1. Along segment 63-71, what does the Karplus equation 6.51 cos²θ - 1.76 cosθ + 1.60 (θ = phi - 60°) give for ³J(HN,Hα), rounded to whole Hz, x for Gly and Pro?
2. Measuring with a 1.4 Å probe in the full set of protein chains, what accessible area per residue, in whole Å², belongs to segment 2-45?
3. Using 23 Å as the Cα-Cα cut-off, could you pick out the over-long pairs in Lys48/Lys145; Lys32/Lys73; Lys107/Lys148?
Amino acid sequence: MDRIEVSTVVYVSAEEAFEFLVDFPRYAQYSKYLDSVQQHGTGGAGTKYDLTFRWWKLTYTARSEVTSIEENKRIDWELVDSLDATGYWGIEPLPEETETSDNNAVKVRFVAEFDSNSMTWDLVNVPRFVSTDWIVRKVKPLIVKEAKRIVGRVVADLEGESREVTLTVHETPDTI
């Protein structure tokens with residue numbers, strides 16, 4: 001399994017961060033490659049989302065499901081009926097000395113674990129003579145770059161203004 005983990009400090013309360021992150025359909029506005037998000041359910045555990053990605057000559061719709069929610073702390077998800085992938089958004093309160101005078105501080109963490117070997121021809125409509133290995137080699141660095149972009153844009157919306165955000169990539173796939 002490959003693992004990507006991106007985190008940063010956000011100067012809002014855990015409640016504000018959670019309410020923002022639990023709104024999965026909003027994610028399409030942050031990603032260069034996520035074209036649309038269709039919600040099937042109320043937004044809690046068990047809700048499914050169809051995530052349509054577009055890159056190069058490929059279009060891929062993954063169905064994700066929120067598997068559990070720990071209010072103001074964690075949102076777990078997994079892909080169903082497609083690529084073998086799981087992950088979560090985590091929210092961790094930070095010590096008071098990290099806070100600004102008018103805001104709390106939390107660490108927001110995005111984690112995704114995936115088995116790139118689970119990508120098959122029937123999952124993605126690959127152009128003729130293009131190998132899935134080639135696609136995997138090209139997509140892995142894009143996943144890290146996109147995770148950084150999404151977390152950075154989420155921070156700007158959460159805090160209400162853009163600032164230079166320090167994003168930490170904790171682990172990346174071995175082949176990047």
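The values are calculated or read from the model by the stated rules, or taken from the named source; none is laboratory data. Note that the structure is predicted; figures quoted are calculated from it, not measured. In case anyone asks, the SASA skips ligands and DNA or RNA and just uses the protein heavy atoms, side chains included. Shrake-Rupley method; radii C 1.70, N 1.55, O 1.52, S 1.80 Å.
1. In residue order, the calculated couplings are 9, 10, 9, 6, 8, 6, 9, 10, 2 Hz.
2. I get 42 Å² per residue for segment 2-45.
3. Lys48/Lys145; Lys32/Lys73
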